[in-house]
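The values are calculated or read from the model by the stated rules, or taken from the named source; none is laboratory data. If you're wondering where the values come from, they're calculated on a predicted model, not measured in any experiment. Cβ coordinates were reconstructed from backbone atoms using ideal geometry, including for glycine residues, and neighbour counts include every protein chain displayed.
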């Protein structure tokens with residue numbers, strides 16, 4: 001695989017431990033709640049030998065209260081905040097940057113946004 005695909009696999013597998021419905025970039029039209037949609041964005045720091053990435057995670061639920069979505073968001077933060085997760089081909093370290101509520105017109109939709117920062121070295 002590639003360093004990006006290896007990192008994507010690691011993130012996807014970890015997110016699946018807190019939510020059964022996890023999608024990279026876009027969710028299908030027949031998605032179920034709760035679900036996570038996430039993506040990677042590279043940060044250009046010039047000529048250094050690591051990849052610096054921002055990981056955007058959108059967490060969606062449908063219900064009358066926010067208890068379940070907050071539990072899932074807490075789980076995501078616990079999985080990644082200040083975590084060094086060496087793999088066979090990559091050496092990523094993660095930090096939590098942002099977590100916020102995103103209001104929706106549909107009051108039954110609960111939406112949380114979590115942003116993580118990752119420094120990733122290739123072995």
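Of the residues making up region 87-99, those that are loosely packed, with under 15 Cβ neighbours inside 10 Å and assigned to a strand (DSSP E or B) are 95, 97, 98. Take the conditions (1) outside any strand (DSSP E or B); (2) touching a strand residue (DSSP E or B) at 6+ places or on another chain (Cβ under 8 Å); (3) surrounded by 13 or more Cβ atoms within 10 Å (Cβ to Cβ); residue 110 misses just one of them, which is (1).
Among the residues of region 45-73, those identified as buried (at least 17 other Cβ atoms within 10 Å of the Cβ) and touching a helix residue (DSSP H, G or I) at 6+ places or on another chain (Cβ under 9 Å) are 51, 53, 55, 57, 59, 60, 61.
Filtering region 19-55 to residues that are closer than 20 Å to residue 74 by Cβ and either touching a strand residue (DSSP E or B) at 6+ places or on another chain (Cβ under 8 Å) or assigned to a helix (DSSP H, G or I) (or both) leaves 19, 21, 22, 33, 34, 35, 36, 37, 38, 55. For region 74-86, residues that are in contact (Cβ under 8 Å) with a residue 24 or more places away in the chain and either touching a helix residue (DSSP H, G or I) at 6+ places or on another chain (Cβ under 6 Å) or part of a strand (DSSP E or B) (or both) total 1. A residue that is within 14 Å of the chain's Cα centre (by Cα) and exposed (fewer than 14 other Cβ atoms within 10 Å of the Cβ) can be found somewhere in region 26-36.
Let's see how each residue does on (1) at pLDDT 95 or above; (2) buried (at least 16 other Cβ atoms within 10 Å of the Cβ); (3) within 11 Å of the chain's Cα centre (by Cα):
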residue	(1), (2), (3)
38	yes, yes, yes
41	no, no, no
84	yes, no, no
101	yes, no, no
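Residues in region 2-18 that are without any contact (Cβ under 8 Å) to a residue 60 or more places away in the chain and either more than 11 Å from the chain's Cα centre (by Cα) or exposed (fewer than 15 other Cβ atoms within 10 Å of the Cβ) (or both): 2, 4, 5, 9, 12, 13, 16.
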